[in-house]
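Undergrad: One structure, pasted below without further comment.
The values are calculated or read from the model by the stated rules, or taken from the named source; none is laboratory data. Just so you know, these numbers come straight off a predicted model, no measurement behind them. Ideal geometry is used to build each Cβ from the backbone, glycine not excepted, and the neighbour counts take in all protein chains shown. With ligands, DNA and RNA removed, areas are computed over all heavy atoms of the protein, side chains included. Shrake-Rupley method; radii C 1.70, N 1.55, O 1.52, S 1.80 Å.
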Amino acid sequence: MKVLLATEKPFAAVAVKGIKEVTDAAGYELVLLEKYTDKSQLLEAVADADALIIRSDKVDAEVLEAAKQLKIVVRAGAGYDNIDLEAATAHKVVAMNTPGQNANAVAELALGLMVYAVRNFYNGTSGSELKGKKIGIHAFGNVGRNVARIAQGFGMDVLAYDAYCPDEAMIAAAVTPVHSAEDLYRNCDIVSLHIPATAETRQSINRALVGMMPKGAILVNTARKEVINEDELIALMQERQDIKYVTDIMPDADMKFRSLFPGRYFATPKKMGAQTTEANTNAGIAAARQIVDFIENGNTRFQVNK
Ligand code: 3PG
């Protein structure tokens, strides 16, 4: 069995070592394609792979067509919007993610972005504190729950909206459930996005919604750029000089945000949320184990293209 680890943004070396230990123990061969710069490299490398581990690397119909031996692709991470699930199913390839494995890393970065924003991007002026502020968690999944836990440590008042999560789960975590996105944005000083990019959520974070936030609002995005309606957010931030936008996913209109909103906008140069040794190790090893468990035992627990 040949397992290809294809990561345009590579894992920490220790994570790769951990993945290799898992594949070695199963008697599989591990092939590395790290820091590749062109899709053609992936198309070539995937040709004889039985299993594939990726991060945000795009696995579209062309990649699946080139992967004649492929049985399984595991996205070492949470969001799988980078995999063409229909094409995977059509090619009889099982697609999985590794939910929760990198959630703490992303949540810590979200809080880091919040501190950066309330302290005026460390520009030497007097800022404010997170303690006592209301934070709205938009989607209470693995990352949202970790954000809630850490925010509580800061003394924040935590609210959450998630159409798919029962109130009880939030209440058990000492989080106040709200029942519409509008209620969340209307009532929170800071909103932290943790929704996946789907047909339903694309461009859903728009002028009307963010415009409901109170004075001094901060929008934090460690989810996906696709969920933001960038034109409308720009228009709103031009109208409302008090709003800040901090993001771990550089918007398409980064240059525009940068030039229009100095001191109110920050984007990491490359998505950094899950880029920790711990998250790389957890997600990478989970992916390798899931591959072995699928090949050896047919375990499809984390399959996302059912
Ligand atoms: C995820 O969906 O798991 C995160 O966005 C992390 O993505 P990355 O592996 O590309 O850093």
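Undergrad: Scanning for something hydrophobic (A, V, I, L, M, F, W, C), open to solvent by less than 30 Å² (accessible area, probe 1.4 Å) and within 16 Å of the ligand (Cβ to nearest atom), does the stretch 114-131 turn up at least one residue?
TA: No - not one qualifying residue is present in the stretch 114-131.
Undergrad: Which count do you get for residues in the stretch 273-300 that are part of a loop (DSSP other than H, G, I, E, B), in contact (Cβ under 8 Å) with a residue 12 or more places away in the chain and surrounded by fewer than 18 Cβ atoms within 10 Å (Cβ to Cβ)?
TA: Number of matching residues: 1.
Undergrad: Okay, moving on. Return the residue satisfying two criteria in turn: it lies in the stretch 155-200 and is touching a Lys or Arg at 6+ places or on another chain (Cβ under 9 Å) and charged (D, E, K, R), and of such residues it is surrounded by the fewest Cβ atoms within 10 Å (Cβ to Cβ).
TA: My answer is D157.
Undergrad: Something else: For the stretch 114-127, which residues satisfy the criterion of being touching a residue at least 12 places away in the same chain (Cβ under 8 Å) and assigned to a loop (DSSP other than H, G, I, E, B)?
TA: Within the stretch 114-127, just N123 meets the criteria.
Undergrad: So, one more: Restricting attention to the stretch 213-226, does a residue exist that is open to solvent by less than 10 Å² (accessible area, probe 1.4 Å) and either without any contact (Cβ under 8 Å) to a residue 24 or more places away in the chain or in contact with a Gly (Cβ under 6 Å, 6 or more places away or on another chain) (or both)?
TA: No, the conditions are met nowhere in the stretch 213-226.
Undergrad: Name the pairs whose Cβ atoms lie under 6 Å apart, with the first residue in the stretch 28-54 and under 18 Å from F11 (Cα atoms) and assigned by TED's automatic domain parsing to the domain that holds Q290, the second outside any strand (DSSP E or B) and open to solvent by 70 Å² or more (accessible area, probe 1.4 Å), and 6 or more positions between them or separate chains?
TA: Sorted first by the residue in the stretch 28-54, then by its partner, the pairs are L30/K20; Y36/E8.
Undergrad: Next up: Take Q101 and tell me if it is open to solvent by 50 Å² or more (accessible area, probe 1.4 Å) and within 12 Å of the ligand (Cβ to nearest atom).
TA: yes
Undergrad: Can you tell me which residue in the stretch 247-261 is surrounded by the fewest Cβ atoms within 10 Å (Cβ to Cβ), limited to those that are away from the ligand (no atom under 16 Å from the Cβ) and closer than 18 Å to Y116 by Cα?
TA: Filtering first and then ranking leaves R258.
Undergrad: Can you tell me which condition E108 does not meet? The list is (1) closer than 25 Å to Y265 by Cβ; (2) within 16 Å of the ligand (Cβ to nearest atom); (3) open to solvent by less than 40 Å² (accessible area, probe 1.4 Å), and all the others hold.
TA: In the conditions (1) closer than 25 Å to Y265 by Cβ; (2) within 16 Å of the ligand (Cβ to nearest atom); (3) open to solvent by less than 40 Å² (accessible area, probe 1.4 Å), E108 misses (3) alone.
Undergrad: I'm checking my understanding of the structure. Among residues of the stretch 292-302 that are away from the ligand (no atom under 14 Å from the Cβ) and out of contact with any Lys or Arg (no Cβ under 9 Å at 6 or more places or on another chain), which one is farthest from L70 (Cα to Cα)?
TA: So, considering only residues that are away from the ligand (no atom under 14 Å from the Cβ) and out of contact with any Lys or Arg (no Cβ under 9 Å at 6 or more places or on another chain), the one farthest from L70 (Cα to Cα) is R301.
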